[in-house]
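Reviewing the structure listed below.
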Amino acid sequence: MTQTVLTLGSTGRFGRNAERAFRNAGWTVRSFDRKTEQLELAAQGVDVIVNAWNPPYPDWARLVPKLHQQVIDVASRTGATVIVPSNVYVFGADTPSPWSGETPHLAQNPLGRVRIEMEEAYRASTVRTIILRAGDFIDTCVSGNWFDQVMIRHLSRGRLVYPGNPGIRHAWAYLPDLARTAVALAEIRDNLPRFSDVPFAGYTLTGTEIAQCLSRVTGRDVSVKPMNWWPLHLARPFWRMAPHLLEMRYLWHVPHRLDGTHLADLLKEVEQTGLDDALRAAIPKELVLRREPINAAIAVR
């Protein structure tokens, strides 16, 4: 029997990749349009809701609780499982990694507190919930993330612009891998606890390691150039995003990784694309050294 997933935020980074992964796995995929549809009606008969709604940072405090409460209310009535793509903001600057599903959520900054309260709303509900937690995204197209908007902006000149200390490890997730993992968890949802916090380890990389990989992929020497944060400070009075980007700057100076042990135990093996292939898919095609097909995903423990 075909299963059905409803995607909220289908035009966003995770939502777009999730729809492709669910469709490839044989699911019936419905995209929700907030402008023309009512969530209560759209969610009728669906097995899983992927809640990939993600308003801009300045609107988080106002919109995130409201949007997620709508989903909780609807899922509690329909019985659908909710998958929430989440991040590492909940841990804060002073929590040592590796970060797992058991790591305390100690963030005190505004964006971190919004995420903590949102996740706690699911935990306190009766809705079957899967929190799929990952680091920064690596996408297959330009989608407005740190990697494509900042870091590889000057890659054609052999430079990787890095927002933090290039010697500190940082958590990354290749979106096709993360989306396939969401499908795999959806397919075993009935065997999971009612509330599951599942970190996705992805890649743990320094800026130097990313530059070395990009050198291999592009066939040119790629050097690391520090990002200049002063324009963001100057933009604070008139650009709403600037204070929030500065608020999260600590993640580029706090070494961290996600503990994938729980996910590996659940799925037995986790498909992960080789790093060179992931970065090859993420950069402009004209910069790729060889136009070779993406290798098959490899199983890692």
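Summary of computed values
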item: Failed item, numbered, when H105 is tested on (1) in contact (Cβ under 8 Å) with a residue 12 or more places away in the chain; (2) within 17 Å of the chain's Cα centre (by Cα); result: (2)
item: Selection count, the stretch 1-59, where residues are farther than 15 Å from A75 by Cβ, of a type in the set (G, A, S) and surrounded by 14 or more Cβ atoms within 10 Å (Cβ to Cβ); result: 8
item: In the stretch 22-51, the residues that are within 18 Å of M1 (Cα to Cα) and either in contact with a Gly (Cβ under 7 Å, 6 or more places away or on another chain) or outside any loop (DSSP other than H, G, I, E, B) (or both); result: F22, R23, N24, T28, V29, R30, V48, I49
item: Filter result (without any contact (Cβ under 8 Å) to a residue 40 or more places away in the chain and in contact with a Phe, Trp or Tyr (Cβ under 8 Å, 6 or more places away or on another chain)) within the stretch 11-33; result: V29
item: Hits in the stretch 142-197 - residues which are under 28 Å from W27 (Cβ atoms), of a type in the set (F, W, Y) and more than 16 Å from the chain's Cα centre (by Cα); result: F195
item: Hey, V90 in a loop (DSSP other than H, G, I, E, B) and crowded, with 22+ Cβ neighbours inside 10 Å or not; result: no
item: Every residue from the stretch 150-165 that is under 20 Å from L258 (Cβ atoms), out of contact with any His (no Cβ under 7 Å at 6 or more places or on another chain) and either among the β-branched types (V, I, T) or assigned to a loop (DSSP other than H, G, I, E, B) (or both); result: P163
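Throughout, read-outs are computed from the coordinates displayed, never taken from laboratory work. Keep in mind it's a predicted model, so treat the numbers as computed, not measured. Virtual Cβ from ideal backbone geometry, glycine too; neighbours counted across all protein chains shown.
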